[in-house]
Amino acid sequence: MTHGMRSDTYSPHVDGDRDWRDTATRFALVPLRIFLGVTFIYAGLDKLTDSAFMKDAGAGSIGEMMRGVRDSSAIPAMVDLALENPVAFGYAIAFGELAVGIGTLLGLLTRLAALGGALISLSLWLTVSWASDPYYYGNDLPYLMAWIPLVLAGAPLLSVDSALRARRRQRVGSY
């Protein structure tokens with residue numbers, strides 16, 4: 001059996017001769033950006049417009065939810081910290097989700113927005129959905145994993161980041 005380097009791999013061609021695989025590869029993160037951006041904007045707006053959510057106590061409130069997950073969370077101290085002022089924590093999560101969603105959807109500071117999304121998802125996984133059994137019933141862990149490619153790659157296409165990068169390259173090239 002001989003071993004050698006494969007020559008049938010698909011990579012972007014320098015001469016601009018690209019097939020559908022190259023195009024699909026270049027645009028692979030766009031659907032993920034759209035999904036995560038829209039979902040986090042929706043989640044933030046849903047929290048801000050829910051009259052019951054932004055309260056210390058009562059059915060459907062952030063305070064009641066945090067008290068309900070306190071003993072089953074991976075890090076009860078995080079829940080205790082949130083319970084010091086549940087309404088402020090609720091607003092912080094909601095505005096954080098909005099900022100992350102808008103940044104991701106527009107592709108503005110995408111890596112930073114994705115890191116924020118990953119941290120929000122991580123904190124929710126360690127607190128709210130930690131007790132999900134089996135673990136894959138909780139939705140925060142898949143969201144955390146979905147943010148990682150955007151943290152690593154950013155938004156190379158169809159984004160404010162890529163437009164700014166092209167503009168900087170153009171300026172540098174004109175000097």
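Share of pairwise Cα-Cα distances greater than 21 Å in segment 21-89 is 46 percent (whole percent). Counting Lys and Arg as +1 and Asp and Glu as -1 over every other residue whose Cβ lies under 11 Å from the Cβ of Gly107, the net charge comes to +2. Taking the protein heavy atoms of the chain in the context of the full set of protein chains, the accessible area attributed to carbon and sulfur is 64 percent at 1.4 Å. Tell me which label goes with the value of Rg and Dmax of the Cα atoms in Å computed from the coordinates here: (1) 16.9, 54; (2) 65.4, 201; (3) 20.9, 70. After the calculation, the listed value that fits is (3).
If you take the square roots of the eigenvalues of the alpha-carbon gyration tensor of segment 58-146 and sort them as a ≥ b ≥ c, do you get rounded (a/c under 1.5), prolate (a/b over b/c) or oblate? Oblate, because a/c is 1.5 or more while a/b does not exceed b/c.
A full extension of the chain between Ser132 and Tyr42 corresponds to an added length of 30.1 nm, given 0.36 nm per residue minus the alpha carbon distance.
Between Val160 and Thr49, the contour length at 0.36 nm per residue exceeds the Cα-Cα span by 37.1 nm.
Taking a Cβ cut-off of under 13 Å around Val79, the surrounding Lys, Arg, Asp and Glu residues balance to a net charge of -2, with basic ones at +1 and acidic ones at -1.
A crude spin-label estimate for the pair Asp19 and Leu83, with each label 7 Å from Cα along the Cβ direction, gives 6.0 nm.
The values are calculated or read from the model by the stated rules, or taken from the named source; none is laboratory data. Worth saying up front: this structure is predicted, and the values here are computed from it rather than measured. Don't worry about glycine lacking a Cβ; one is built from the backbone with ideal geometry, like all the others, and counts go over all protein chains shown. We work out accessible area using only protein heavy atoms, side chains counted, and drop any ligands, DNA or RNA first. Shrake-Rupley method; radii C 1.70, N 1.55, O 1.52, S 1.80 Å.
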